[in-house]
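The values are calculated or read from the model by the stated rules, or taken from the named source; none is laboratory data. Just so we're clear, the structure is a prediction, and the values are computed from it rather than from any experiment. Here the Cβ positions follow ideal geometry from the backbone for every residue, glycine too, while neighbour counts run over all protein chains shown. Areas reflect the complete protein model, heavy atoms only, side chains present, ligands, DNA and RNA absent. Shrake-Rupley method; radii C 1.70, N 1.55, O 1.52, S 1.80 Å.
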Amino acid sequence: VGGNDLTLVDLGDSSGNHCRYIKALAPPAQIAKTISVNLDPIAVKKIKAKGGEAILCRAEELEEQGLRPDLLLLFETLEHFSDPLRFLRSMAAEGNIENILLTVPYRRNSRFGGTLLRQPDGSIPKKITPEQVHIFELSPNDWSLMAKLAGYHTSFQQIYLQYPKRSLLRIL
C-alpha cells in the first residue's frame, strides 16, 4: 500500500499491539490512523486504556461503522468466521477495501472445524464463542482460492513454521 495518511483497521485485535508496532515501523506520516475492531468489550476497553482507538462491533458490520481502511489487517482471525467467503466478498465489493493483510494458522490439508469441534466422543460444547473455535482451517492454496473467488488476488504468500522440524522445541 503506497502513499501517506493511510488508515489501518485491525479486525479481531485484542490488545492494540499490532497497530502500535506497525505504526512505529512505518515511515513518519505514512500511517495517519489505526483502528482496532473487536466484538469483545474487554478487548476494546484494554486497547482504549493503552491510548488506542477501538470499536466494539462484529467484523461483518465493519461497513456500518463507515470505515474505509487503506489496509485491512486480520491476524489469525479469518478462520473464526462462519462465512469467510461472504465476508471477503463484501469487503471487496461493498467495503471497497483493496488491500488485506492476513495470517491464518498453517494447515497442510484443509478441514472443516478445529479441535474444539472434533471431540473424541463426538460431542460439541453447548456454548462456543467465535474466539474459541476455528471453523475453517484451510491450506494456503485454498485460502488463496477463496480470496480469488471474493475478488482479491494474492500478492505475497509465505508459510511460516514457528519451530524447526528437527528440534526439541517442536514439542511446544
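Observations on the model:
- The GNM of the chain, with springs linking C-alpha atoms under 10 angstrom apart, assigns the highest mean-square fluctuation among PRO125, PRO140, PRO69 to PRO125.
- Most fluctuating residue given options ARG89, ARG58, ARG118, as computed from a GNM of the chain linking Cα atoms under 10 Å: ARG118
- Helix 140-150 and the longest principal axis of the Cα set of the chain meet at an angle near 50°.
- Surface composition of the chain: carbon and sulfur make up 53 percent of the accessible area, probe 1.4 Å.
- Within the full protein context, the accessible area of MET91 is estimated at about 10 Å² for a probe radius of 1.4 Å.
- Calculated log₁₀ intensity ratio I(q)/I(0) where the Debye formula runs over C-alpha points of region 1-153, q = 0.21 Å⁻¹: -1.41
- Radius 13 Å from Cβ of PHE87, net charge of other residues (Lys, Arg +1; Asp, Glu -1): -3
- Applying a threshold of 23 Å to the alpha-carbon distances of LYS33/LYS148; LYS23/LYS48; LYS46/LYS148 flags LYS33/LYS148; LYS46/LYS148 as lying beyond it.
- Set of aspartates and glutamates near LYS45 by C-alpha distance (under 16 Å), chain-local residues within fewer than 8 positions excluded: ASP10, ASP13, GLU53
- Helix 84-93 axis, angle to the chain major axis (alpha carbon atoms, nearest 10°): 20
- LYS126 paired with GLN158, simple spin-label distance in nm, labels 7 Å along Cα-to-beta-carbon: 4.6
- Averaged per residue, the chain has 65 square angstrom of accessible surface, using a 1.4 angstrom probe with ligands and nucleic acids left out.
- The modelled label-to-label distance between ALA24 and ARG108, using points 7 Å beyond Cα along the C-beta direction, is 3.7 nm.
- Area of LEU168 that stays accessible when all protein chains are in place (1.4 Å probe, Å², to 10): 150
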